[in-house]
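One structure below.
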Amino acid sequence: MNIVFVEPSFPNNQRRFVLALAAVGANVIGIGESEEWALDEELRGAMSGYYKVNNCTSVHEMTDAVRFIQSKVWVDKLEATIEAHTMCAAQVREATGIPGTSVHATWLCRDKPSMKAALREVGVPTAASTAADTASEIWDFAAKIGYPLILKPRAGAGAQNTMRVDNDTELAHAITLFGASGATSIAVEEFVEGHEGFYDTICVDNNVVHDWATHYYPNVLEAMRTRWISPQFITTNRLADSSFYGEVAELGRRVIEAFNIGTSATHMEWFYGPKGLRFSEIGARPPGVGAWDLYSAANDVDIYREWAHVQTHGRAEQPMTRRYAAGIVALRPDRDGVITGYSGIEDVYGRYGEWILDSHFPHVGHHTQAVEAGYMANAYLRMRHPDYDRLREMLDDVGRTVHVYGG
């Protein structure tokens, strides 16, 4: 099978998709923004060809690239795993006659007001929302729904540029900020109270073949706003043990079928609180921030290879073992600037070394990144354990014990 893969080298974990495709027997042709000579030897060796473009989100450039490849070989699939590339990839697929997730399905997974309207149409509970093109539309929605509200770009990944507002003053400030950024249309949503997590799958023809449920501690907006918090997310190994996860999986399957996502990885955010379970974001792509690394460690299965096997052969290769829960704790510097030192690392390795998967501690003198840059922006540590509750306790202890000093 000939599979064109979009942007094989950046970010760094993209290479894992390419290597996995080659390992299961696919013939991989890459399209990316890097010069071919800049790719490492292993990555170049996993591809039979490579086509450089200036911009992987340019439909014109990408269409020309794919048509050139089609003039040389039959192309069975065109795959993109980064949120910003998915719409362009869908448009190029339709322009060049390559099967895969459609433009319409990708649009539903990118445009947040349309996404939520589609969820409501198939009975998947979600927050009240609107697409606002003017300030007056935002004020009207606020008057109808009340505070708190969430404002975010209509297309985007995760909590990027997401703002919570709790009163008229904060809303006026948010509208000004969005206007200054050049936004002409934004998504405005009811704030849904509750615990936050995500449900991820790999599916074949809208049928789920692998799935995972993961929890945030604390919720993302709080985690990305508060420096002293060492936030975590943990994937559970208790999917079969709870009716709650059964409800999450049922709603997830309903979304995949209703959106007609097809054969793809998916990423779906959810909240659970006083109003019950609510789905909030849908993505026709793998999750970010190393979540698949945790799923691999939790199940002793290479999830990148499973995705590649599904794409190449149309079926899963190995079942999930659910042997472990696995999680990451982000460790923030106490101030911005450069890393000046650490404390507590030896202590946590002494206590939990057998359960630590890996860690990242930038060298002293390394420039820090802002808190809102995410879970892997600065230091972090990843762990697994057979007992979910024990893993939570250990990650909490790591967050309390390890200190990152900046200055």
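The values are calculated or read from the model by the stated rules, or taken from the named source; none is laboratory data. It should be emphasised that the depicted structure is a prediction, and the values quoted were computed from it without experimental measurement. Positions of Cβ are backbone-derived with ideal geometry, glycine not excepted, and every protein chain shown enters the neighbour counts.
Some values worked out for this structure:
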read-out	value
ALA26, sole failed condition from (1) surrounded by 21 or more Cβ atoms within 10 Å (Cβ to Cβ); (2) closer than 20 Å to HIS85 by Cα	(2)
Subset of segment 214-264 (residues that are closer than 18 Å to PRO286 by Cβ and polar (S, T, N, Q))	THR214, THR235, THR263, SER264
Residue in segment 131-141 that is part of a loop (DSSP other than H, G, I, E, B) and either of a type in the set (Gly, Ala, Ser) or crowded, with 17+ Cβ neighbours inside 10 Å (or both) present	no
Pair list, Cβ < 7 Å and 6+ apart or interchain, from segment 237-260 residues that are within 17 Å of CYS203 (Cα to Cα) to residues that are surrounded by fewer than 14 Cβ atoms within 10 Å (Cβ to Cβ) and β-branched (Val, Ile, Thr)	ARG254/VAL122; ALA258/VAL122
Single residue of ARG93, ARG110, ARG67 found to be buried (at least 21 other Cβ atoms within 10 Å of the Cβ), charged (D, E, K, R) and out of contact with any strand residue (DSSP E or B) (no Cβ under 7 Å at 6 or more places or on another chain)	ARG110
Residues within segment 352-407 that are within 30 Å of ALA240 (Cβ to Cβ) and in a loop (DSSP other than H, G, I, E, B), tallied	4
Test result for GLN369, exposed (fewer than 15 other Cβ atoms within 10 Å of the Cβ), polar (S, T, N, Q) and either free of Cβ contacts under 8 Å to residues at least 24 places away in the same chain or at positive phi (or both)	no
Count of segment 187-221 residues which are among the acidic types (Asp, Glu), surrounded by fewer than 21 Cβ atoms within 10 Å (Cβ to Cβ) and within 18 Å of the chain's Cα centre (by Cα)	1
Residue that is surrounded by the most Cβ atoms within 10 Å (Cβ to Cβ) [pool: residues in segment 237-270 that are in contact with a Ser or Thr (Cβ under 7 Å, 6 or more places away or on another chain) and either at pLDDT below 95 or within 19 Å of GLY327 (Cα to Cα) (or both)]	TRP270
Segments classed as helices (runs of 4 or more DSSP H), wholly inside segment 194-308, with at least 2 members that are within 24 Å of ALA370 (Cβ to Cβ)	220-225, 291-299
